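Q: One structure coming up, written as structure tokens, with questions to follow.
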Amino acid sequence: MINDFQVKSSRRLHFEDLEPSMFEMMVLEILDISGMYNDIRHYGKKGADQGVDIYCTEKNSGLTCFVQCKRYNNLKKSQLCAIVDKIIEGNKNTDGQSLLVVTSCEVRKEAYEDFDTYAKVKGFSKVEIWGESILTSKLHQEKYKTIMENYFGSDIDKEELARKRIEAAKLGEQLVNQSLLRKFVKLTNEDKYHLLEHPYDKFKVSKVIIRSIYDEDYPDTDDDGKHDSWFKSFPFNIYHDGIQMKIAPWTSETIVINPHGEWMLKNEFEKCKYDGEYMEINVDIIGNIPYSYIADIKEDGDEYFDYPIISCVFNGKSGPFKNIWYDFYDREMHGHIFFEKSSKRALITENDYWRLKRKYGLK
């Protein structure tokens, strides 16, 4: 079996730390250094009434490109369509031209497709969105190295950044201890065993609201009734660097595992060829939130929710979660089996494998 979760990743760039004007200037420099555009003009606030931050001409096509920069945590379909309307309203001769939206977040596939259709119906011949992943990919290329260092610092700045994160982690841990965790004067052995089996009983509450520090939508949802910048979650446990949340406990993920503990998600397993022994198990999805991501906790909630609201730094597509893993509760042994994406094997013996398969009649 093969596990493809160990993916080499580039250093994450915190676009949310940039002021909107700085984000625009960074985009301007990327367009310039790319060599793909001529006659690049930056209007910024001066172009706000026309809905355009940057005008330029595509070298290959000769099309005028209208560029709008959005340093947002979330960009909805309605907001994207509003960009189109404002540009058309404030500018002449947009028919047949090009539209580029550059944003610090990732845009949902459905929103992107609807935006593309809407813009082309309105007359644009070419429509693009550069989201967080595209910007990150570009800035890690050699030609953009100077831009990345200018806006996000070089290796020399890493020590200072590390110190800031340590301080943020201390604050986050204090907030969790004060607002979320029960106070145990003295734990008996029975208490300790109980908490190993039911780690969520360490918390005062069974549910919380997780909200991005950049969220501007709460308590509203987007066009599809979803809300990427805030959501309900369920405390599961604490770990050395933060808290763990059970994500959507009303749903589960299916994992395929063989007697050696090698595993993968079922949707990945179905794509590979394997004719050996295996079984399928349903697992809970768990997300780790580092203490350093936690900026504030309103222990008593607000007028919308009467349980804690945790304000967090969101990390692109993963939101507040540094990593996602899976948990299976073995009722017979009163223990948990963990499946971490960074590991190809789960900590399960071959005897436990066969016991589980016999006990629960798993596939």
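Q: Alpha carbon centre of segment 188-208 versus segment 94-129: separation in Å?
A: The two parts, judged by their Cα centres, are 49 Å apart.
Q: Looking at this model, which pairs from 76/232; 109/273; 70/120; 138/271 are more than 26 angstrom apart at the alpha-carbon?
A: Long pairs (Cα-Cα over 26 Å): 109/273; 138/271.
Q: Quick one: helix 20-34 against the long Cα principal axis of the chain, what's the angle to the nearest 10°, folded into 0 to 90?
A: 70 degrees
Q: On to the next question. Magnitude of the Cβ-charge dipole of segment 216-296, K/R +1 and D/E -1, about the Cα centre, nearest 20 debye?
A: 360 debye
Q: If you take the square roots of the eigenvalues of the alpha-carbon gyration tensor of segment 106-213 and sort them as a ≥ b ≥ c, do you get rounded (a/c under 1.5), prolate (a/b over b/c) or oblate?
A: oblate
Q: Picking from 221, 193, 205, whose Cα lies most toward the positive end of the charge dipole for segment 179-225 (charges on Cβ: Lys, Arg +1; Asp, Glu -1)?
A: 193
Q: With +1 on each Lys and Arg Cβ and -1 on each Asp and Glu Cβ, how big is the dipole of segment 43-180 about its Cα centre, in debye rounded to the nearest 20?
A: Values: 22 positive and 21 negative charges, 37 e Å.
The calculation lands at about 180 debye.
Q: Any idea what angle helix 77-90 forms with the longest principal axis of the chain, computed on alpha-carbon atoms, 0 to 90 degrees, nearest 10?
A: For helix 77-90, the angle is close to 10 degrees.
Q: Suppose every K and R has +1 on its Cβ and every D and E has -1 on its Cβ; what is the size of the dipole of the chain about the Cα centre, in Debye to the nearest 20?
A: In debye, rounded to 20, the chain gives about 620.
Q: So, one more: Based on the alpha-carbon gyration tensor of the chain and its eigenvalue square roots a ≥ b ≥ c, which shape applies: rounded if a/c is under 1.5, prolate if not and a/b is larger than b/c, or oblate?
A: Here the chain falls in the prolate category.
Q: Excluding residues on the same chain fewer than 8 positions from residue 59, give the aspartates and glutamates whose Cα lies under 15 Å from its Cα.
A: Candidates past the 8-residue exclusion: 32, 39.
Q: Same structure again: Probe radius 1.4 Å, ligands and nucleic acids ignored: give me the carbon and sulfur share of the accessible area of the chain as a rounded percent.
A: Of the solvent-accessible surface of the chain, carbon and sulfur hold 48 percent.
Q: Share of antiparallel DSSP beta bridges in the chain, in percent to the nearest 5?
A: So the antiparallel bridges in the chain amount to around 75 percent.
Q: What percent does the relative contact order of segment 170-251 come to when contacts are Cα pairs within less than 8 Å and at least six residues apart?
A: On the way: 74 pairs, mean separation 19.2, N = 82.
That works out to 23 percent.
Q: Sticking with this one: If I histogram all Cα-Cα distances within segment 178-293 using bins 5 Å wide from 0, what percent of pairs lands in each bin?
A: Histogramming segment 178-293 at 5 Å steps yields 2, 9, 14, 16, 15, 15, 12, 10, 5, 2, 0 percent.
Q: In the Gaussian network model of the chain, springs joining C-alpha atoms below 10 Å, which of 185, 101, 313 carries the largest mean-square fluctuation?
A: 185
Q: What residues qualify as long-range amide H neighbours of residue 204, i.e. H under 5 Å apart, gap of 5 or more or another chain, H built at 1.01 Å from N?
A: It is 181, 182, by chain and number.
Q: Which one, 297, 60, 242, projects farthest toward the positive side of the charge dipole computed for the chain from Cβ point charges (K/R +1, D/E -1)?
A: 242
Q: Quick one: grab the alpha carbon gyration tensor of segment 159-234, order the square roots of its eigenvalues as a ≥ b ≥ c, and give me rounded if a/c is under 1.5, else prolate or oblate depending on whether a/b is larger than b/c.
A: It comes out oblate by the Cα gyration axes.
Q: I'd like the orientation of helix 109-121 relative to the chain: the angle between its Cα long axis and the longest Cα principal axis, in ° from 0 to 90, rounded to 10.
A: Orientation of helix 109-121: about 20 degrees from the principal axis.
Q: Moving on. Under the definition of Cα pairs under 8 Å and six or more residues apart, what whole-number percent is the relative contact order of the chain?
A: Contact order relative to length: 14 percent.
Q: When you take every Cα atom in segment 25-131, what is the radius of gyration, and what is Dmax, the widest Cα pair distance, in Å?
A: Reported Rg and Dmax, both Å: 12.7, 33.
The values are calculated or read from the model by the stated rules, or taken from the named source; none is laboratory data. Keep in mind that this is a model prediction, so the values were computed, not measured. Cβ: placed from backbone, ideal geometry, glycine included. Neighbour counts: every protein chain shown. Surface areas here come from the heavy atoms of the whole protein model, side chains and all, with no ligands, DNA or RNA. Shrake-Rupley method; radii C 1.70, N 1.55, O 1.52, S 1.80 Å.
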